[in-house]
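The values are calculated or read from the model by the stated rules, or taken from the named source; none is laboratory data. These numbers were taken from a predicted model, which means no experiment stands behind them. In this analysis, Cβ positions are derived from the backbone assuming ideal geometry, glycine residues included, and neighbour counts consider all displayed protein chains.
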Amino acid sequence: MKILGLQKLTLLDFPGRVAAIVFTGGCNFRCPFCQNSSLVLAPQTVPEISEEEFRQFLRKRQGLLDGICVTGGEPTLHADLPEFLASVKDAGYLVKLDTNGTHPDMLESLLSDGLLDYVAMDIKAGPENYAQVCGLEALSGPTSSETTKHLLSDVRRSVELLLNSGIEYEFRTTVVKGLHSARDFEEIASWLSGCRAYFLQSFRDCPEVLLENHPFSSFSEEEMRDFLTIIQRKIPQASLRGL
């Protein structure tokens, strides 16, 4: 699997663990607020880290790191992801996967093979708003109801897989002023009711945001807490992250 980035230390991305982050390229979404635009739009321009360099990194960090976070882009697009994760596990590391949940067959296979220890799944919006927030029209023009229906079916299946998996997981939504409203969180609260962990995290602007000259901004802390109150009616343990 092509490795297009390596953050050698994180104390935040793998809850309760000291970890490193591996970045993959390519994505089937075009979320306009995405902060990894080069990995999504032009992965071929990003320098690749060789498998040997990564293996050396794993050997040198044994006893210092607990786990490896695999993110993107969308890692489940890559057919050789299971082989890569197996090599990480064989080296003695825990594995956390970040995913948008659109490839439930891959997720189910990884779970069945015991290759995942933690999964963070992005919930982009409420179901009615999903296609817009994912930027699907940027890929294929006006999005048909059938396309959206199929997308949500896959995402819902991934949610159910995690709810019944027995491993640690979290669902999370990056909240963007200009894309989200209270209705999104009313829908998400009903959808994910009973889940173990859900986080709202505020949009942060940066030069890598996918949509150039975008109109997006972050909500105020008070507005974020209002959204959290909506969520907590169905998911009492939900919380804010990064405020």
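For segment 74-126, filtered to residues that are touching a Cys at 6+ places or on another chain (Cβ under 9 Å) and either without any contact (Cβ under 8 Å) to a residue 12 or more places away in the chain or among the charged types (D, E, K, R) (or both), the residue that is nearest to Phe54 (Cα to Cα) is Lys96. Restricted to segment 197-208, and to residues that are in contact with a helix residue (DSSP H, G or I) (Cβ under 8 Å, 6 or more places away or on another chain) and at pLDDT 95 or above, which residue is nearest to Leu39 (Cα to Cα)? Looking at residues that are in contact with a helix residue (DSSP H, G or I) (Cβ under 8 Å, 6 or more places away or on another chain) and at pLDDT 95 or above, I get Ser202. Go through segment 1-26 residue by residue and tally those that are among the basic types (Lys, Arg) and under 17 Å from His78 (Cα atoms). Adding up the residues that qualify gives 1.
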